[in-house]
Amino acid sequence: MAGFRLFDLNPEQELAVRTTEGPLLILAGAGSGKTRVITMRTAFMLSQGIAADSILAVTFTNKAATEMRERLAALVPEDQAKKVTMSTFHALCVRILRQDIEALGYKKNFSIYDEGDQMGLIKKIITRTASRDEKLDPHVAKNAISKAKNNGWRAPEDDKTLLGAVFARYNADLKTLNAVDFDDLLLLTVRLLNDHPAVQERWQRRFKYLMVDEFQDTNRLQLDLVSLLAKPHPTSPEFAGMRPNVAVVGDDDQSIYGWRGADVTNILEFEAHFPGPTVVKLEQNYRSTNFILGTANSLIKNNPRRRPKNLWSAKDGGEKVKIIAMPDDRQEAEFITEEINARKTAEAQKWEDFAVLFRMNAQSRQVEENFRRLRVPYRIIGGKSFFDRREVKDILAYASCLLNVDDDVALLRIINTPARGISDTTVEKATEYSIRTHTSVFKALRDDRFLGALRAATQNAIEKFAAFLDEHETKLHEPLSNQPAVLRKLIEESGYLADLQRTCKTPEEWMDRERSVRDILASFETFEGRSDKGLQGFLDEMMLRQEREDDKEDDEGGVTLITLHASKGLEFPHVYLMGVEEGVIPHDRSKLEGTVDEERRLLYVGITRAQRTLALTWCRQRAKYGSVVPCISSSFLKELDPELVEHRDVGDIINKPVAEEAAAAKFGAIFDMLD
Ligand code: ATP
Ligand code: MG
């Protein structure tokens, strides 16, 4: 490693890379090399002899974590790169909890509940807690619980309200089921490190160098986690005079998770938490042309209360930013597809060089259809369709039951899929019994007092099912067991596939569903090939992948379709940002909630993803909830520097004879310009 050179770094970046000891704050604009500094700094630390496994870099999405790992792998030998921990907050928490959660009274084989699992549990609790005249929307309850967990761990209201009661019951039930939800991952890790100094010390000895990318999007708990890992316990003799090795990078203009409890003061007041940091500002943007960067700057300067920045780029030339009016969303999708095709050929670009950005997942449907029809390869990031598939959830539920049979949500999903003589009424009775005796459904099913009251045939069915699970569970835990083979066999012997086939309406549907079952079993095999964490590790990875703004398993190339939120940190030569309409961005709700500034930052994030060309499109009308509604362009478009953008109507670009409708649209565009 002695040959490592800090080539291609500007002086400020080099300062940040060389400052390996003590707190470091890098506050800089988009595309200025923040993430690059993190990977180069890691490589530099390795070259200085710092142990690879003592370095921890955290970020928000799997995509970003993977990208960091790839960038590092290009700089240092593979065995070194592999030992550095580069992960998401959630993955880090799972790792800590899998090792130490027993201190909190959970078992190590805890299940992780996603939003769907959470909703199922909450709905059930509301039904059995609410009196006849009380009503509580389960979504409202879920959001309130999530918010409360992210602010600490007290009930949202005092316990007398229905919400308070549901919240308390929900937590108690999770514990009985030996399950945690996504918010718990952070909350419990913070509680663990906070309440158990010995555990904290062990993890501190493990990770001596911490880095956090996109720090502007951390919430209170994430900041607490970083502090707990970085700072000695106040009772420790090392507490006085310590200078934790914490490096954070971020951009206050790209803070877009306020709605999820992110607190931008974490970065603006970094010094309060980690006194005396080295502060580095990066001002050169290496990503975008001046047309694109200037457009972004003209937008973001309309936000009050921001730290002014002086972001510049040496990339002159290129094309103006295009703002294109579309008659409707169908033509918007057609235009984007045609343009990508044309540009790819004319400029010899790769599919991967293009990205289509949008505010909401539903907006991508039209584009997707066009891509499929014209055989444009693509991948969707920020959608979680794969994991929403019933068969995928079923397979994962079978797997969860092998590991934690007390996981009621998983058990109830598969207990009678395929039908095995355990009726809904039996399941209901078992659930009631489990609630009364504070135990899991599975334990209830095996309780003689419960079993005794059932018909002999039902007793038999239950015992057969329990024995079936037991048998595979034992096989799974045998030394040298081939776990993927055990899971495959479990699925085969359960009769699940035949049942799945019966429920499919067409042969195509069956082929499609069977394929995703095969895919998921195959990806467990691939996982086994590269990891020693077994089925538990595989499930963890699957659960973490479906995290809200994250990508599905799909390494194939193609045009990227991605939500604005998920696009943070990424870059593409050519970007199409669609649906830039009033009510979409800024979103209708934002005006009521006073979050227009965050909407502006979201658009800023989108614009600054583009390296060479950028087109913003908006529609005069679009299909919404089954009807066609008229739209107007986003008020943000009027803030963009007119010198750097060019307004076009789609009719001019695709050289069709100007139809009456298009002519009207054209006048509309001219009026917009005059506005
Ligand atoms: P964002 O705010 O979007 O997360 P960032 O500040 O993390 O952006 P990077 O993604 O690290 O920026 O860098 C943006 C681009 O600029 C990357 O392609 C990177 O390789 C390039 N880059 C960064 N610094 C330099 C440099 N000194 N010389 C050449 N290219 C650079
Ligand atoms: Mg970055």
Are any residues in region 198-252 among the hydroxyl-bearing types (Ser, Thr, Tyr) and either open to solvent by 10 Å² or more (accessible area, probe 1.4 Å) or not assigned by TED's automatic domain parsing to the domain that holds MET86 (or both), and if so, which ones? TYR209, SER227, THR235, SER236
In region 298-312, the residues that are more than 27 Å from the chain's Cα centre (by Cα) and more than 16 Å from ligand 2 (Cβ to nearest atom): SER298, LYS301, ASN302, PRO304, ARG305, ARG307, PRO308, ASN310, TRP312
Quick test of your reading of the structure: PRO479 fulfils all but one of (1) modelled with pLDDT of 90 or more; (2) within 26 Å of THR526 (Cβ to Cβ); (3) open to solvent by 80 Å² or more (accessible area, probe 1.4 Å). Name the failing condition by number. (1)
Do we have any residue at all in region 88-97 that's assigned by TED's automatic domain parsing to the domain that holds PHE215, within 11 Å of ligand 1 (Cβ to nearest atom) and under 21 Å from LEU268 (Cα atoms)? no
Checked against (1) out of contact with any Phe, Trp or Tyr (no Cβ under 9 Å at 6 or more places or on another chain); (2) open to solvent by less than 10 Å² (accessible area, probe 1.4 Å); (3) not in a helix (DSSP H, G or I), ILE292 satisfies every condition except (3)
For region 541-560, name all the residues that are at pLDDT 90 or above and either crowded, with 23+ Cβ neighbours inside 10 Å or assigned to a helix (DSSP H, G or I) (or both). VAL559, THR560
Is it the case that region 56-74 has a residue that's part of a loop (DSSP other than H, G, I, E, B), within 29 Å of the chain's Cα centre (by Cα) and in contact (Cβ under 8 Å) with a residue 24 or more places away in the chain? yes
Of all residues in region 30-48, how many are free of Cβ contacts under 8 Å to residues at least 40 places away in the same chain and away from ligand 2 (no atom under 12 Å from the Cβ)? 3
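Residues are listed down the side, and each one gets a yes or a no for (1) over 30 Å from ARG95 (Cα atoms); (2) touching a Lys or Arg at 6+ places or on another chain (Cβ under 6 Å); (3) open to solvent by 70 Å² or more (accessible area, probe 1.4 Å):
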residue: PHE450; (1), (2), (3): yes, no, no
residue: GLU471; (1), (2), (3): no, no, yes
residue: THR474; (1), (2), (3): no, no, yes
residue: ARG488; (1), (2), (3): no, no, yes
residue: GLY495; (1), (2), (3): yes, no, no
residue: PRO507; (1), (2), (3): yes, no, yes
residue: ASP519; (1), (2), (3): no, no, no
residue: GLU525; (1), (2), (3): no, no, yes
residue: LEU535; (1), (2), (3): no, no, no
Is there a residue in region 274-282 that is within 13 Å of ligand 2 (Cβ to nearest atom) and either buried (at least 22 other Cβ atoms within 10 Å of the Cβ) or not β-branched (Val, Ile, Thr) (or both)? yes
Are there helices (runs of 4 or more DSSP H) fully within region 330-430 with at least 1 residues that are under 20 Å from LEU535 (Cα atoms)? List them. 385-388, 390-403, 408-414
Name, by its number, the condition in (1) within 11 Å of ligand 1 (Cβ to nearest atom); (2) open to solvent by 10 Å² or more (accessible area, probe 1.4 Å) that does not hold for GLU21. (1)
From the option list ALA30, ALA57, ALA43, ALA73, single residue qualifying as more than 17 Å from VAL248 (Cβ to Cβ), within 16 Å of ligand 1 (Cβ to nearest atom), out of contact with any Gly (no Cβ under 8 Å at 6 or more places or on another chain) and open to solvent by less than 10 Å² (accessible area, probe 1.4 Å) is ALA43
Out of region 226-285, which residues are part of a loop (DSSP other than H, G, I, E, B), modelled with pLDDT of 90 or more and farther than 17 Å from GLN204 by Cα? ASP251, SER255, ILE256, PRO275, GLY276, PRO277, LYS281, LEU282, GLU283
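Kindly indicate whether VAL37 is assigned to a helix (DSSP H, G or I) and in contact with a helix residue (DSSP H, G or I) (Cβ under 8 Å, 6 or more places away or on another chain).
Taking the combined requirement at face value, the residue satisfies it.
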Which numbered condition trips up ILE324, out of (1) out of contact with any Pro (no Cβ under 9 Å at 6 or more places or on another chain); (2) modelled with pLDDT under 95? (2)
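The values are calculated or read from the model by the stated rules, or taken from the named source; none is laboratory data. Small disclaimer: the values here were computed from a predicted structure and weren't measured. As a convention, Cβ positions derive from the backbone with ideal geometry for all residues, glycine included, and neighbour counts pool all protein chains shown. All accessible areas refer to the heavy atoms of the entire protein, side chains included, with ligands and DNA or RNA removed. Shrake-Rupley method; radii C 1.70, N 1.55, O 1.52, S 1.80 Å.
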